[in-house]
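One structure below.
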Amino acid sequence: MLEFAATNGGPVLFFQQLELGITLGAMYALVALGYTLVYGIIELINFAHGDVFMWSTVVLLLVSNALGLKGTLGGFALIGVLILFLAIGMAVSAFLNVSIERLAYRRLRKAPRLAPLIAAVGVSFILENIAQLTIGSGFIAFPPIFPTTALNIFGVKISILHIFIFGLAVGLMYALDRFIQTTKLGRAMRATAQDPEAAALMGVNVNRTIFMAFLIGGALAGAAGLCYNLVIAQVNFFTGFKFGLIAFTAAVFGGIGNVYGAVAGGFAIGIIYALSIQYFNFLPGGGVAWVDAIVFGILVLTLVFRPSGILGQQVPDKV
Amino acid sequence: MLELQAVTAGYGPAEVLHQVTLQVNQGEVVSLLGANAAGKTTTMKTIFGLVPTRGGQILFEGQRIDKLQPDQIIARGLALVPEGRRVFSRMSVRENLEMGAYMQNDRTVITQGIDLVYDLFPRLRERDKQLAGTMSGGEQQMLAIGRALVARPRLICMDEPSLGLSPLLVQLVFDTIQKIRKEGVTVLLVEQNAFMALNIADRGYVLQTGRIILNDTAQKLLVNDTVRAAYLGG
């Protein structure tokens, strides 16, 4: 796992943990977007989403083995491999997510809401078990292809890898924002999210917008899978479960159904995660032992006190 | 132009429409009257494929549309102003109108359509960038009507467009319907305000617990005893 606790004290320590938190947050945000996009359109919590993310990490491990990658790459080789991995990771997760919708959720569209939810849990088990059959149950190291170079700014080490991940995540989020805000299909998705029946009356093919939500959500989770392999570098069939739950917490914290909320929530949870590890270190067992309780405590508190999340809907629907 | 032939429809175990037959001819304004829960909105939803038919046929310009998806029905040249306005509250006025023109791909046609709506409702032009959810009920109703008109439908169906509006705005809605008709658009109007609806309509149907019980010209319905007793205050 990562070296979580920094060694220096004071503000340097704080900013070091912050740098880590932003990196984790970028990954949580990418996965949280998948929960929120799907929830926004069909009000389904896609509990298989974490495993869709996990499958990107697994396939990328298999590809890196097939390519015989072992050590650090540089120059064009690194750029080429990153582009290839990004394309494969996004394609795998997008395809998987879309297939799940087509095979499992679509036929439950008119069923009581609990039915697709249980189906999602079932799909999650299936994906985890197939992954376990494929790579076994152990933790497998992902080759450290990315150089470990870091910038040193007043003693705070800012790794090039973390900058890359932040840039990639922000780039994808910007692309998503432009897609949703300015394209016709994006507008149709927003309309469907607000009122599916009214959207259908405008001529929107609702099945197509649902397909797009799963496609985009999956692709973003696939990109997060690449980031995860580069940062955490441990591939395991069960990774998606907890990572997915934390990303789901981020989506709820930010305001589920709101894409900006998912981004804000993702970064917030990532930063809270990294800081908690450090600053709750005085607790028995250390901060690492408590961080999950803290994150899921935030989930509970959000659901109790502000279920619409920090960026919940501001404009009420007038009846 | 639009024909419902013995249409039966409902939700779950409940059958709401029993053999509803009605006809709207090219260029007409036809009113569909009825009390609450008579099946007026269900009739509209059934025409637009939001509620599936269980029997009978729906024809538009001679072709069956009752097994089509809503988007395919819209593509034929129908538009609905839904009950309760149903504007996209978190979108701007212009975005709402662009949604109305969703089936249209030609940018210039869309812009022309929006300008046409803005000429009809200058208030909407002033509020071009405003979020629809922040507007008054009357403005939202204008937007809902405008959104249906942007696509230049040949038949526009309106589900209680005057509901919950002040008398002045109700008048504006009915004036607008007459303007729309002058443009050559056929109108099917569901209303509780029977007096006003029949005043601008050519013909009317009265729906009661899912059955058409009366079908006549608007003038005759205005003096019909049943209608007067039930909807026009005696």
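Cross-link candidates for B:LYS220: which aspartates and glutamates have Cα within less than 19 Å, leaving aside residues fewer than 8 places away along the same chain?
B:GLU28, B:GLU191, B:ASP202
Using only Cα atoms, tell me the angle between helix B:107-120 and the longest principal axis of chain B; keep it within 0 to 90° and round to the nearest 10.
Its long axis makes an angle of about 70 degrees.
Arrange the following residues from fewest to most other Cβ atoms within 10 Å of their Cβ: B:THR134, B:THR43.
Working: B:THR134 16, B:THR43 28.
With the sparsest Cβ surroundings first, the list reads B:THR134, B:THR43.
Using all Cα-Cα distances in the protein assembly as shown, what percent lands in each 20 angstrom bin from 0 up to the longest?
20, 43, 26, 11, 1
Would you mind checking A:LYS110/B:LYS45; B:LYS67/B:LYS179; A:LYS110/A:LYS242 for any pair whose Cα atoms are more than 27 angstrom apart?
Where the Cα-Cα span goes over 27 Å, the pairs concerned are B:LYS67/B:LYS179; A:LYS110/A:LYS242.
If you average 1/r over all unlike Cα pairs in chain B and invert the result, what Kirkwood radius do you get in angstrom?
Working: mean 1/r = 0.0558 Å⁻¹.
By the Kirkwood definition, the hydrodynamic radius is 17.9 Å.
Taking neighbour counts of Cβ atoms within 10 Å as a proxy for exposure, in what order, fewest first, do B:ILE213, B:ILE114 appear? Don't skip to the answer; put the middle values down first.
Working: B:ILE213 14, B:ILE114 22.
So the residues, fewest neighbours to most, are B:ILE213, B:ILE114.
Could the peptides A:14-24, B:8-18 be put in order, highest first, of the mean number of other beta-carbon atoms found within 10 Å of their residues? Walk me through the numbers on the way to the answer.
Working: A:14-24: 21.7, B:8-18: 15.3.
Highest to lowest by the protection proxy: A:14-24, B:8-18.
Taking R0 as 56 Å, what FRET efficiency do you get between A:PHE179 and B:GLN23 from their Cβ-Cβ distance, rounded to the nearest 0.05?
Values: r = 44 Å, r/R0 = 0.79.
The calculated FRET efficiency here is 0.80.
Calculate the mean, over all residues of peptide A:186-197, of how many other protein chain Cβ atoms lie within 10 angstrom of the residue's Cβ.
4
How big is the equivalent ellipsoid of region B:1-46 along its three axes, where each semi-axis is √(5λ) from the Cα gyration tensor, reported in whole Å from largest to smallest?
Working: eigenvalues 86, 31, 12 Å².
The answer is 21, 12, 8 Å, longest axis first.
Show me A:251-261, A:147-157, A:167-177 ranked by packing, highest mean number of other Cβ atoms within 10 Å first. Working shown, then result.
Details: A:251-261: 25.8, A:147-157: 12.4, A:167-177: 16.3.
Highest-to-lowest ranking by the protection proxy: A:251-261, A:167-177, A:147-157.
Hey, what angle do you get for helix A:75-100 against the long axis of chain A, alpha-carbon based, 0 to 90 degrees rounded to 10?
30
About the Cα centre of the protein assembly as shown, what is the dipole size in debye to 20, counting +1 per Lys and Arg Cβ and -1 per Asp and Glu Cβ, all else neutral? Each step should come with its number before you reach the end.
Working: 41 positive and 34 negative charges, 78 e Å.
So the dipole magnitude of the protein assembly as shown works out to roughly 380 debye.
Test of understanding: ordering A:PHE280, A:PHE267 by Cβ neighbours within 10 Å, fewest first, what list do you get? Intermediate results must be reported in sequence, preceding the final value.
On the way: A:PHE280 17, A:PHE267 23.
Ascending Cβ contact count within 10 Å gives the list A:PHE280, A:PHE267.
Report P(r) for region B:86-152: all Cα-Cα distances, bin width 10 Å, range 0 to the bin holding the largest distance, values in whole percent.
26, 59, 15, 0
Output ³J(HN,Hα) for region B:90-95: one whole-Hz value per residue in order, computed from phi by the Karplus curve 6.51 cos²θ - 1.76 cosθ + 1.60 with θ = phi - 60°, and x for Gly and Pro.
Computed from phi, the couplings for region B:90-95 are 9, 10, 6, 4, 5, 5 Hz.
Running Debye on region A:51-151 with equal point scatterers at the Cα sites and no solvent, what base-10 log of I(q)/I(0) appears at q = 0.12, 0.13, 0.19 Å⁻¹?
Evaluating at q = 0.12, 0.13, 0.19 Å⁻¹ gives log10 I(q)/I(0) of -0.52, -0.59, -0.96.
With springs connecting C-alpha atoms under 10 Å apart, model chain A as a Gaussian network and identify which of A:SER159, A:SER93, A:SER56 has the largest mean-square fluctuation.
A:SER159
Round to the nearest 10 and give me the degree value, 0 to 90, for the angle of helix B:167-182's Cα axis relative to the longest principal axis of chain B.
90
If each DSSP helix of 4+ residues adds -39,500 (n - 2.57) and the sum is divided by the residues in chain A, what number results at 222 nm, nearest 500 deg cm²/dmol? Write down the numbers at each step before the final one.
Details: 11 runs with 221 residues, N = 319.
Roughly -24000 deg cm²/dmol at 222 nm, from the helical runs in chain A.
Roughly what percent of Cα-Cα pairs across region A:10-305 reach past 33 Å? Numbers along the way, then the final one.
On the way: 9616 of 43660 pairs.
In whole percent, the long-distance tail amounts to 22.
Can you pull the mean other chain C-beta count within 10 Å for peptide B:42-54? Mind showing how you got there, number by number?
Values: counts 0, 0, 1, 2, 0, 0, 3, 2, 4, 0, 0, 0, 0.
Mean number of neighbouring Cβ atoms from other chains: 1.
Using only atoms on other chains, find how many Cβ atoms lie within 10 Å of each Cβ of peptide B:90-102 and report the average.
Working: counts 11, 5, 0, 0, 0, 4, 4, 0, 4, 12, 3, 3, 10.
For peptide B:90-102, the averaged partner shielding equals 4.
When the dipole is taken about the Cα centre of chain A, and only Lys, Arg (+1) and Asp, Glu (-1) are charged at their Cβ, what size is it in debye, to the nearest 20? Intermediate values should be presented prior to the final figure.
Values: 16 positive and 11 negative charges, 139 e Å.
The dipole of chain A has a size of about 660 debye.
Of A:TYR105, A:ILE180, A:MET202, which is farthest towards the positive pole of region A:10-305's charge dipole, taken about the Cα centre with +1 and -1 on the beta-carbons of Lys, Arg and Asp, Glu respectively?
A:MET202
Could you let me know the centre-to-centre spacing of region B:82-139 and region B:144-189, using Cα atoms, in angstrom?
Region B:82-139 and region B:144-189 have Cα centres spaced 14 Å from each other.
Values quoted throughout were computed directly from the atomic coordinates according to the rules given, and no laboratory measurement underlies them. Only a predicted model underlies this, so the values are computations on that prediction, with no experimental measurement involved. FYI the Cβ positions are ideal-geometry reconstructions off the backbone, even for glycines, and counts take in every protein chain you see.
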